[in-house]
Number of protein chains: 2
Amino acid sequence: MNTPDTRPDARQRLILAGVEIFAENGFNATTTRMLADKAQVNLSAIPYYFRSKEGLYLAVIEHIADVLSAHLEPFLSKIQHLAETGLSPEAARGLLRDGLATMVAVMCGDPGTVPFSQIILREQMAPSAAFDLIYPRVMERILTAFVMLIGAITGETDERQCNLQALLFIGQVLVFRGGRATVNRRLGMTGYNTDEIAEIQEAIISRAMAALDFMAARKTWPGGVRP
Amino acid sequence: MNTPDTRPDARQRLILAGVEIFAENGFNATTTRMLADKAQVNLSAIPYYFRSKEGLYLAVIEHIADVLSAHLEPFLSKIQHLAETGLSPEAARGLLRDGLATMVAVMCGDPGTVPFSQIILREQMAPSAAFDLIYPRVMERILTAFVMLIGAITGETDERQCNLQALLFIGQVLVFRGGRATVNRRLGMTGYNTDEIAEIQEAIISRAMAALDFMAARKTWPGGVRP
DNA sequence: GTCTATAGTCGGATAGAC
DNA sequence: GTCTATCCGACTATAGAC
């Protein structure tokens, strides 16, 4: 009696292997042999299922966009719903806290999603065709949500100001992934374990609140100039 | 009468070409042929002067560390000097403003140094032997200076808190280089021209001041808890 | 669908003339 | 120091058996 093979099929295994290996090495430094080895498939499975190494890479990007979209959906639809029914500054603050905490967890904590952020960061630095695939489905929607929350909290109506602030928030999260080598040496953080994640979340959220207070206060200064 | 050849010699031309090409493509995607073409030298000049492609890369990194060190020297020695003679919170604030403004200019504005930050960012994401060469000469010193200033401004004595805040500052600058593709689509900034640099500097510095006010105020709350 | 074998290409490094 | 020519290894993709 043979036990049925419950492993994901070759196609799926290649995508999962691609997430890890492309994240670690980037597109160019990744060879089809690494991918085939990791996925435990024959080398020819790559052109067979995906036509080429680049085809596999695009499939990996699409997989990432799918998973992250699903991950974001509850958060985004909650904001959408509250925005329609009217969003108090307090409620918006709570949502922004949640959003920032989730971003830190996704980028630094969850071992399943950490490679996603590495791949996305690489795409940011040197965008390929894959960037067009993931930008509207992930980055665009996160930024739009943040901008809406920032506006609701501070009363700032200049969309450019809200966009700038949203990007600064992203930057504060980003540094813990994109600058990992430095964070590592400076704070002695290797993994990021649960305590360290909490410490980072606390630092980012408290500064975010301070920045929002600043923006809200500025709206009330004559001509937007600090007294 | 022949005009003398005033071009930098082959070795120097290779390093300058390396800065541009490695920044644009990363180590792996850069071929020795690209480098030789850009530098207008024969392919064999690379192994001749640098033993290998990697040798050239390390020479490029050293060049970057040299130039950035020289660039930082005035700022760092001013801080050093003031720190010894006693640094008022107000003076420290001024220095931190200068430091942040300079970082933005170096990372986004100066066409000579923009490729440096791209190479450093790539090293952050996937550190090679080159990272050890540049970390102590550049990142370490910037962070140490920032930490000192943050301590002087806020009265915070917990060094880890100061380090965290310094990293958050770096992150806010970083996002405009590492997240350029997104900034581009979101704010329609292509180049970064003079006005845009000023806008970014203003946004970062004002939020930095708000974060420092927050840290200073927290020191006076009972148990460090916001009332 | 999965395998082996191999074609075809490219990149890094070397040899040796000048 | 600079050039041409070339080697050798590694890579992606294909052909075709099973």
Degrees between helix B:140-154 axis and first principal axis of chain B (Cα, 0 to 90, nearest 10): 20
In this structure, among B:78/B:219; B:38/B:78; A:38/B:53; A:53/A:78, pairs with alpha-carbon gaps over 31 Å are B:38/B:78; A:53/A:78
Cα-based helix-to-principal-axis angle, A:53-85 vs chain A, degrees rounded to 10: 30
With -39,500 (n - 2.57) per DSSP H segment of 4 or more residues and division by the full residue count of chain A, the 222 nm estimate, nearest 500 deg cm²/dmol, is -25000 deg cm²/dmol
Simple spin-label model, 7 Å along Cα-to-Cβ: residue A:128 to residue A:114 in nm? 2.3
Projecting each Cα onto the charge dipole of the protein assembly as shown (Lys/Arg +1, Asp/Glu -1 at the beta carbon, about the Cα centre), which of A:157, A:145, A:16 comes out farthest on the positive side? A:16
Just tell me how shielded A:139-151 is by partners: mean number of partner chain Cβ atoms within 10 Å of each residue's Cβ, no decimals. 1
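Classify region B:61-219: rounded, prolate or oblate, from the alpha-carbon gyration tensor (a ≥ b ≥ c, eigenvalue square roots; a/c under 1.5 rounded; otherwise prolate if a/b is larger than b/c)?
oblate
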Quick check: the angle from helix A:159-178's long axis to the longest principal axis of chain A, C-alpha only, nearest 10 degrees? 50
Find every distance from the label point of residue B:128 to the corresponding label point in the other copies (7 Å from Cα along Cα→Cβ) and write them in nm, one decimal, shortest first. 1.8
Gain on full stretching of the segment that runs from residue B:88 to residue B:220 - 0.36 nm per residue minus C-alpha separation: 45.7 nm
Within region B:162-202, which residues have the backbone N less than 20 Å from the label spot 7 Å out from residue A:144 along Cα→beta-carbon, could you tell me? B:181-189
Could you work out the mean projected area of the convex hull around the alpha carbons of region B:1-95, in square nanometres to one decimal? 10.1
Place the label 7 angstrom along Cα→C-beta at residue B:74 and in each other copy, then list the distances from the first to the rest in nm, shortest first. 5.4
Descending packing, highest mean Cβ count within 10 Å first, for A:61-68, B:65-72 is A:61-68, B:65-72
Using a Förster distance of 41 Å, the FRET efficiency for residue B:52-residue A:24 (Cβ separation, nearest 0.05): 0.95
In nm, to one decimal, how far is the modelled label at residue B:157 from the one at residue A:80, with both set 7 Å along Cα→Cβ? 5.3
Can you give the charge dipole size of chain B about its Cα centre, rounded to the nearest 20 debye, using +1 on the beta carbon of Lys and Arg and -1 on the beta carbon of Asp and Glu? 480
Between residue B:198 and residue A:38, Cβ-based FRET efficiency (R0 30 Å, step 0.05) works out to 0.05
Among A:107, A:32, A:200, the residue whose Cα sits farthest towards the positive end of the charge dipole of chain A (+1 at Cβ of Lys and Arg, -1 at Cβ of Asp and Glu, taken about the Cα centre) is A:32
When each copy gets a label point 7 Å from Cα toward the beta-carbon at residue B:111, what are the spacings between them in nm, shortest first? 4.8
To the nearest whole percent, what portion of all C-alpha pairs in the protein assembly as shown is separated by more than 39 angstrom? 26
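Bear in mind these aren't lab numbers, they're just calculated from the coordinates by the rules spelled out. Note that the structure is predicted; figures quoted are calculated from it, not measured. Don't worry about glycine lacking a Cβ; one is built from the backbone with ideal geometry, like all the others, and counts go over all protein chains shown.
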